[in-house]
Structures are given as C-alpha cells and as structure tokens.
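The block underneath contains the structure these notes are about, expressed in structure tokens.
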Amino acid sequence: MIEFKNIKKSFGEKVVLNDVSHIMETGKCNLIIGTSGSGKTVLQKCLVGLFEPDGGEIIYDGTNFTDMDSEHRKLLRQQIGMLFQGSALFDSMTVEQNVMFPLDMFAKMSNSEKQKRVNEVLDRVNLEGANKKFPAEISGGMKKRVGIARAIVLNPKYLFCDEPNSGLDPQTSMVIDKLIHEITKEFNMTTVINTHDMNSVMEIGENILYMFEGQKEWTGNNEEIIFSKSEKLNSFIFASKFLQDAKDMRMLEAKGIIADDRDMDEMLNSGEEIK
Amino acid sequence: MTFFTYFGRYLLMIKGMFTKPENYKMYWKEFMHQCNDIGIGSLGIVSIISVFIGAVSAVQTSYQLVSPIIPPETIAQIVRDTVILEFAPTLVCIVLAGVIGSKIASELGNMRVSEQIDALEIMGINTKAYLIMPKIAAALLTIPLLVVISMVLGIWGGRLAGVASGILSADTFDRGLLLNFLPYNVTFALIKSYTFAFIISSIPAYYGYYVKGGALEIGRSSTKSVVVSCVMLLFADYVLTQVLLTH
C-alpha cells in the first residue's frame with residue numbers, strides 16, 4: 001500500500017500539485033487519470049522519488065519515504081519496478097541484457113539462475129524468442145513488454161507505469177492492460193498507472209484518482225465512474241459522443257435495463273423497436 | 001541561472017560520484033567499456049594528428065632557422081620540446097575534447113531525454129557514480145597514455161619529415177633529440193594531460209547529464225560542452241604553464 005498525504009509541488013510560480021492525498025491499494029491497479037498538464041506524471045515522479053515534493057508525506061507500507069536518507073531510498077527502490085512512457089530500454093543492450101541488468105546489479109545468483117529468471121519473465125510477458133533482439137528491432141508493444149519484464153524481474157512490491165498505452169494501437173493496448181492487471185494479481189503488487197486511455201480506465205481501473213489542475217477531483221473505481229456526477233470528470237472521460245453513448249449503454253447494463261451479454265445483431269433483426 | 005549555480009551543480013555532480021558501488025563487477029565492466037571507447041576508439045585520430053604535427057613542426061622550424069650558425073640538431077630539439085610540452089598534451093586533448101566530449105555529452109543527454117537515467121535511478125542505482133565516474137576514470141587512465149603515444153609519434157613524424165625533405169639526416173635528428181633533454185618536461189606534459197583528461201570528460205558529462213528537452217537540446221549541449229571544455233582546457237594550460245614552468 002502506498003499512502004500519500006497533502007503532496008505539494010511547484011516549479012517556480014507554477015503550482016503543479018496542490019494538497020493531493022490518496023491511498024494506492026495492494027493487489028489492485030491504481031490509476032491516476034487526468035488531462036495533459038493535470039499533474040499526474042509529476043505526482044508519480046514524486047511517489048518514486050524522481051522529484052522531491054515541496055510538502056506532504058509519502059508512505060510505503062508504513063515506512064515514510066519522504067524522510068528517508070538516500071541509502072534507505074536506494075534499498076526501497078529495489079522493490080520498485082517502473083515502466084516508462086517510452087519504455088526507457090537501454091539501446092545498446094539486447095532484450096535479454098535489458099531484463100538481466102537489474103539481476104546483474106542486485107541479485108546474488110549464478111549466471112544460469114539469472115538466465116532462467118530472465119527466460120521466465122520474458123515468457124510471462126509473451127516474448128519468447130526475442131532475447132537476442134535490440135530495442136530498435138522490436139515493435140512499440142514489444143518494447144512495453146520488455147519494459148514490464150525488466151520492471152518485474154526482481155519481484156518488486158510496487159509497480160509504476162507511466163502511460164503504458166501511449167503510442168499503441170487499441171488491441172495492443174488491451175494486451176498490455178491485461179498483462180499489467182494479471183501481473184498485479186499474480187504477484188500481489190501495488191500497481192500505480194498513469195493513463196488517459198479510457199479503455200484502461202474501464203477495464204482495469206480498480207482504484208481511480210482523477211486529477212484536475214493539480215488537485216484531487218474524484219476517486220472511485222471503474223463501476224462508480226459511470227455514475228459520477230462530477231462534470232469535470234465526465235467531460236474528460238466521456239469527451240466524445242461515442243463515449244457518451246458507451247457510458248449510457250454501460251449505465252443501462254448496470255441498472256439491468258439491457259443485458260450485458262446482449263446480441264446486438266439479434267436485437268436489430270428482431271424487429272423490436274429500439275428506443 | 002548564474003555561473004555560480006552551474007558551478008555549484010557541477011561540484012555536486014562530482015561529489016555525487018563518490019559513493020559505494022552497488023556492484024563492483026558491473027562498475028568494472030562499465031569502466032573497461034569506457035576505456036575501450038575513449039582509449040582505443042581515439043587511437044587512430046591521435047596517431048594521425050601526432051605524426052602530422054611532428055612533421056609540420058620539423059619543416060616549419062627548418063624554414064625559420066635560416067642562420068648557418070645554428071646547428072641542424074636544434075631542429076630536432078625544437079621538434080622534441082614543442083611536441084612534448086605543447087602539441088602532444090594540448091593539441092591532442094583539444095581534438096579529444098571534440099571526439100570524446102561530444103560522445104559523452106550526447107550519450108548521457110540521450111539517456112536523460114529517453115528516461116534511461118530515470119530508469120536506473122528507479123532501480124536504486126546512483127547514476128552519477130555508475131554513468132559518469134567510469135567515464136572520468138577511463139579518461140584519466142587512457143588520455144595520458146594517448147598523450148605519451150602522441151609524443152612518440154609526433155617526434156617520429158618530425159624525424160620522418162626532416163629526413164624525407166632533406167632538412168637533416170636521421171643521425172643528426174637522433175643526436176639532437178638527446179641534447180639538453182629535460183625529463184621534467186615529460187612530467188609537466190603528463191600533469192597537463194591528467195588535468196585536461198578531467199576537464200574534457202567531466203564538463204561534457206555535466207552538460208549531458210543535466211540536459212533538458214529533446215534531440216535539439218542534446219545537439220546544443222554537446223556543442224556547448226566541447227566549446228566550454230576547449231576554453232577551460234586552454235585556460236588550464238596557461239595556468240599550469242605559469243605555475244610549473246616559470247621559476
């Protein structure tokens with residue numbers, strides 16, 4: 001569990017985070033959503049210590065991260081895995097070397113044990129056979145999966161993902177979301193995901209924090225978000241007519257007015273009047 | 001930002017490099033990798049420019065020494081001393097500032113912009129120690145060696161040009177080389193090369209490590225790092241000459 005209280009962060013005169021508090025729960029996909037510039041990336045960077053907050057506390061399972069000295073932070077960081085927006089793979093290393101890097105640096109294992117572990121995680125992210133390829137030779141979706149493999153190779157307790165779906169097609173995005181969700185459950189990790197992908201919100205949003213102009217605007221989960229009365233949230237999440245319609249359908253499903261396993265072809269061909 | 005802010009951040013970067021490595025084997029591997037990149041990678045260009053500066057130095061010295069009173073051995077002496085005192089350490093390091101400096105700045109800049117440095121930080125690795133320290137250590141080891149190679153090749157180039165153009169015989173050149181030789185000059189050149197090695201590795205590392213923006217900023221910081229390194233190198237050259245060669 002990661003708890004943060006009253007996080008504040010400014011860059012010069014610009015206040016980016018203003019008193020943001022929330023709890024990221026263990027074993028769940030915790031989503032931070034918001035428009036570009038709402039402060040979600042800064043918040044995530046504060047949580048992992050890449051930015052120092054100007055005020056507030058960050059607590060990892062009862063341990064205050066903000067008060068820690070650099071040596072203790074280094075130790076805690078070995079329990080953190082992070083998937084970056086651009087994957088941040090080391091260009092000069094192969095897929096296998098990228099994934100093996102944290103093991104080489106921190107694990108007291110023999111070479112054969114390391115190799116076994118690398119193959120295990122690459123299999124887990126469905127990347128068998130890509131070991132010897134360089135990042136430049138693989139697709140965006142594969143890069144993300146290598147990033148995930150590298151992030152989980154040391155069995156971290158906390159997984160941070162910064163816009164894991166950016167630059168991916170909807171189908172690959174779903175594969176990545178599903179993978180992150182499965183891994184979170186499998187390893188009982190506290191997963192924090194920054195996203196503005198609506199599919200992710202609806203599919204894996206078990207604990208959602210909506211940020212607006214540096215402040216916490218709304219919290220809930222993917223079922224509650226459908227019925228949210230927050231105008232700001234609704235105009236962000238259901239920005240297009242298509243998404244508004246999808247929301248309406250979801251609401252009807254949730255109220256039991258239409259079946260969630262309905263066959264649209266059958267309904268359209270039945271001759272019944274559809275209101 | 002003022003000069004003092006930049007300088008303070010540079011000093012903090014240097015201070016930040018001195019921490020206990022997370023894994024000695026990985027640091028050693030990185031150090032050897034950098035030795036190969038900086039040392040072996042620059043050997044070709046250093047060899048070429050050394051031979052030519054020695055050759056040009058011999059021909060130009062003979063062109064200016066028109067008096068029949070001055071013995072031809074003097075040409076070898078002048079070639080030897082200019083190569084050892086100035087050409088090998090300073091000129092070679094200015095060239096290396098371009099070759100190595102731009103490489104270090106752009107490599108670190110690219111790692112910063114593509115979040116690879118952040119990825120290492122998240123893993124719990126001290127990036128200043130892991131990325132910058134091996135580069136500076138490798139430069140401190142290999143650049144003085146390159147300077148020594150440059151001295152030998154520069155003098156050999158002078159001998160080659162002197163003999164080939166009929167300015168003086170090989171025997172005369174060899175005799176001149178041994179006349180009034182001061183071993184201190186080599187020590188002085190090595191002190192300079194250590195100082196320059198630190199300058200041309202640490203300044204580009206600073207510019208690359210703290211770059212902000214994208215591809216354009218990486219290019220700018222790489223160019224700026226080479227310019228600043230060259231200016232600092234020449235300033236250090238003057239200060240060291242003033243301090244170590246004036247009695």
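Looking only at region B:80-102, decide whether some residue is within 14 Å of another protein chain (Cβ to nearest Cβ) and aliphatic (A, V, I, L, M).
No, there is no match, as no residue in region B:80-102 is within 14 Å of another protein chain (Cβ to nearest Cβ) and aliphatic (A, V, I, L, M).
Kindly evaluate residue B:108 against the criterion of being at negative phi, buried (at least 24 other Cβ atoms within 10 Å of the Cβ), in contact (Cβ under 8 Å) with a residue 24 or more places away in the chain and assigned to a helix (DSSP H, G or I).
For residue B:108, the condition - at negative phi, buried (at least 24 other Cβ atoms within 10 Å of the Cβ), in contact (Cβ under 8 Å) with a residue 24 or more places away in the chain and assigned to a helix (DSSP H, G or I) - is met.
Every residue in region A:109-148 that is small (Gly, Ala, Ser), within 18 Å of residue A:92 (Cβ to Cβ) and part of a helix (DSSP H, G or I), please.
Passing the criteria: A:136, A:147.
Name every residue in region A:85-102 that is buried (at least 22 other Cβ atoms within 10 Å of the Cβ), closer than 20 Å to residue A:49 by Cβ and not small (Gly, Ala, Ser), in order of residue number.
A:102
Within region A:28-46, track down each residue that is assigned to a helix (DSSP H, G or I) and crowded, with 24+ Cβ neighbours inside 10 Å.
Matches in region A:28-46: A:40, A:43, A:46.
With the checklist (1) closer than 30 Å to residue B:224 by Cβ; (2) not in a helix (DSSP H, G or I) in hand, flag the one item residue B:68 doesn't pass.
(1)
Would you be able to say whether some residue in region A:73-91 is within 10 Å of chain B (Cβ to nearest Cβ) and within 15 Å of residue A:3 (Cβ to Cβ)?
Yes; the residues of region A:73-91 include at least one that is within 10 Å of chain B (Cβ to nearest Cβ) and within 15 Å of residue A:3 (Cβ to Cβ).
Taking only region A:164-193 into account, find how many residues are within 19 Å of residue A:89 (Cα to Cα) and surrounded by 21 or more Cβ atoms within 10 Å (Cβ to Cβ).
Of the residues in region A:164-193, 6 are within 19 Å of residue A:89 (Cα to Cα) and surrounded by 21 or more Cβ atoms within 10 Å (Cβ to Cβ).
Table: residues versus (1) in contact with a strand residue (DSSP E or B) (Cβ under 7 Å, 6 or more places away or on another chain); (2) of a type in the set (A, V, I, L, M); (3) in the same structural domain as residue A:186 (by TED's automatic domain parsing).
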{"residue": "A:75", "(1), (2), (3)": "no, yes, yes"}
{"residue": "A:85", "(1), (2), (3)": "yes, no, no"}
{"residue": "A:88", "(1), (2), (3)": "no, yes, no"}
{"residue": "A:120", "(1), (2), (3)": "no, no, no"}
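Could you please let me know if residue B:145 is closer than 28 Å to residue B:75 by Cα, touching a residue at least 60 places away in the same chain (Cβ under 8 Å) and surrounded by fewer than 24 Cβ atoms within 10 Å (Cβ to Cβ)?
yes
Restricting attention to region B:112-123, and to residues there that are crowded, with 20+ Cβ neighbours inside 10 Å and touching a residue at least 60 places away in the same chain (Cβ under 8 Å), which single residue is farthest from residue B:221 (Cα to Cα)?
B:117
Residues to consider are A:23, A:7; find the one that is assigned by TED's automatic domain parsing to the domain that holds residue A:176, touching a helix residue (DSSP H, G or I) at 6+ places or on another chain (Cβ under 9 Å) and not in a helix (DSSP H, G or I).
From the options A:23, A:7, the qualifying one is A:7.
For region A:170-275, which helices (runs of 4 or more DSSP H) that fit wholly inside it have 2 or more residues that are closer than 20 Å to residue A:38 by Cα and not assigned by TED's automatic domain parsing to the domain that holds residue A:127?
A:198-204, A:231-237
For region A:10-31, give me each residue that is closer than 14 Å to residue A:213 by Cβ and touching a residue at least 60 places away in the same chain (Cβ under 8 Å).
Within region A:10-31, A:15, A:16, A:17, A:18, A:19, A:20 qualify.
Among the residues in region A:54-70, are any more than 21 Å from residue A:202 (Cα to Cα), charged (D, E, K, R), within 14 Å of chain B (Cβ to nearest Cβ) and free of Cβ contacts under 8 Å to residues at least 40 places away in the same chain?
Yes; the residues of region A:54-70 include at least one that is more than 21 Å from residue A:202 (Cα to Cα), charged (D, E, K, R), within 14 Å of chain B (Cβ to nearest Cβ) and free of Cβ contacts under 8 Å to residues at least 40 places away in the same chain.
When you check residue B:26 against the structure, is it within 11 Å of another protein chain (Cβ to nearest Cβ), buried (at least 20 other Cβ atoms within 10 Å of the Cβ) and part of a helix (DSSP H, G or I), yes or no?
Criteria not met by residue B:26.
The values are calculated or read from the model by the stated rules, or taken from the named source; none is laboratory data. Please read all numbers here as calculations on a predicted model, not as lab measurements. Every residue, glycine among them, receives a Cβ derived from its backbone with ideal geometry; neighbour counts consider all protein chains shown.
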